[in-house]
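Have a look at the structure below, then the notes.
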Amino acid sequence: MTALTAVSVDHAQRLRGHLMGLVDIAVAQEAGQSDPEALRLIWQARDVRAQELPGDHMRAVGHLRRMAWCVNELLERLAALRCVKEAA
């Protein structure tokens, strides 16, 4: 395994963990029941988290970017709904 691959795998594991935590908060706060956008982001986060990290470098980078985008969007939505404190 190359250093870049090891870094990509580490980033993927961290982002999956963040997505799981945010989805857990959203579900516990019932954000998806009161807000259609939150529900869409919850499903999107679950979908991207379930996908395997591609072996190809460029596809892996794209996947990491999608996961990071989901973390950002779900966090912002949960902050707007006051399910979490606003992130710095």
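Annotations for the structure displayed:
- Per residue, the accessible area of the chain comes to 67 Å² when a 1.4 Å probe rolls over the protein heavy atoms.
- Carbon/sulfur fraction of accessible area - the chain, other protein chains in place, 1.4 Å, %: 54 percent
- Helical segments meeting 24 Å axial Cα length and Kyte-Doolittle 0.5 threshold in the chain (DSSP H): 3-28
- Computed helical MRE - 222 nm, the chain, DSSP H runs ≥ 4 contributing -39500 (n - 2.57), nearest 500: -26500 deg cm²/dmol
- Assigned charges on the beta-carbon of Lys, Arg, Asp, Glu; segment 1-65 dipole about Cα centre (debye): 180 debye
The values are calculated or read from the model by the stated rules, or taken from the named source; none is laboratory data. These numbers were taken from a predicted model, which means no experiment stands behind them. When we count neighbours, we look across all protein chains shown, and the Cβ atoms used for this are built from the backbone with ideal geometry, even at glycine. For accessibility, only protein heavy atoms count, side chains too; no ligands or nucleic acids. Shrake-Rupley method; radii C 1.70, N 1.55, O 1.52, S 1.80 Å.
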